[in-house]
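For reference, the structure is listed below as structure tokens.
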Amino acid sequence: MRTRETDKTERGRGEVEDSSYDQICYFVSTQKLKDAKRVVVKVGTAVVANSDGTMSLSRMGALVEKLRELKLQGREVLLVSSGAMGLGRQSLGLSKEVVEGNPDNIIDRQACAAAGQELLMSMYHMMFSRLDVRCAQVLITQEDFVSRQRYMHLTDTLDKLTSLGTIPIINENDVVTGGARGEQVFSDNDKLSAILAAGADADGLALLTDVEAVFTKPPGEPGAERIKIYKEADTVEIGAKSGMGRGGMAAKITAARVAARGGVATCIASGYDLENITKVFGGLDVGTYFEPDTRPNKRQRWLTLATECVGKLIVGAKFREALEVPDKRGTDPTLYVSDLIGVSGSFPVRSVISLIDEDGHEFARGITQKKSAEIKDALPTSAGKQHSTFTTVHVVIQPSDILLLG
């Protein structure tokens, strides 16, 4: 005979079973962070600096000790550190309102970055040296990702530094970029660290921020719940971003998803408690975990994660089918002018462009062999004529320069 107490008991047992299953899933997922051999740790301005803009020596010291512990565990460690611009602003005696209040005030931001980067790197060097750990400064601009050659030089250098037991300390080179606005590969160090982690073959990424994890709504609001394993279907209500850095929670979620797409197990956690570094790479229950996809090859990662498309080619259905089912066209998924319906944008030779179908959906990316003006000129007119010696048999994109998006 069923009673109210029986129902309550069974309901309680079900909740325990669900909770146990969630714990098992979380344990299995985070094991990838525990097993990570090459790891990237990203810290924001709020971690390395106090609220008044001065350097937080206690947190920086704890950070350096935790990174040394990771090295002693046999891991290769890369650090992405924000904070230079804020430290430089305080050092130069400039107000936050003057430096950051006007988006067009690029020169002050560049001056602050120049002064602050030296302060930041000097402190890291001194602290790591006391622990007998070598470090090296690596400053990055947008062009270091957009140019495939520079991208390869960058990742090769990081490989060499880590193989020598050195911790690369990476930051955007704001001295020459000024934290520029507009269309960019990355707009903050969260995205930079994600692209870098994917490109440098990292196994794990810890995005340390000023909140404990990703919550369903801003922490402190009624009903806010920590998301332990982020899923695409999760709904997150974004609150106001930190007043100390450029990236808010939305930026961190975007960055974590980019890293996960690049095959990197990622966790967003609080940087105020540096013990979280040990917990993240110990596979413990902390922060919000992002499950990695199967890692694409390096060329695919560069095309999809580290570049911005500067134009579009509208492609006919036959080519898309040939690309998706290669045996329909043999082993030669070359894009010819005859495959094109239209061109959007103005771009030079060797540009990364998006291949879209007639409905406007992107299905591939590629690197063009011709500039946009030549391609447009070669497209058939309404009268079926050609305006150029660049004919329909000419190649627009080589097979090795085309990537079908999943």
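Odds and ends about this structure:
- Helices (runs of 4 or more DSSP H) contained entirely in region 16-121, each with at least 3 residues that are of a type outside the set (D, E, K, R): 45-48, 57-72, 84-92
- Residues of region 257-272 satisfying the condition of being within 9 Å of the chain's Cα centre (by Cα) and part of a loop (DSSP other than H, G, I, E, B): G262
- Candidates T294, T266 - the one that is under 27 Å from E232 (Cβ atoms) and open to solvent by 40 Å² or more (accessible area, probe 1.4 Å): T294
- The set of residues from region 10-39 being at pLDDT below 75, under 24 Å from the mean Cα position of the chain (by Cα) and open to solvent by 80 Å² or more (accessible area, probe 1.4 Å) comprises just one member, V28.
- Flag if S187 is at pLDDT 95 or above and outside any strand (DSSP E or B): no
- Of residues in region 122-136 being touching a residue at least 60 places away in the same chain (Cβ under 8 Å) and in a loop (DSSP other than H, G, I, E, B), the one surrounded by the fewest Cβ atoms within 10 Å (Cβ to Cβ): L131
The values are calculated or read from the model by the stated rules, or taken from the named source; none is laboratory data. Note that the structure is predicted; figures quoted are calculated from it, not measured. Glycine also receives a Cβ, built like all others from the backbone with ideal geometry; neighbour counts cover every protein chain displayed. Ligands, DNA and RNA are excluded from the accessible area calculation, which covers all protein heavy atoms including side chains. Shrake-Rupley method; radii C 1.70, N 1.55, O 1.52, S 1.80 Å.
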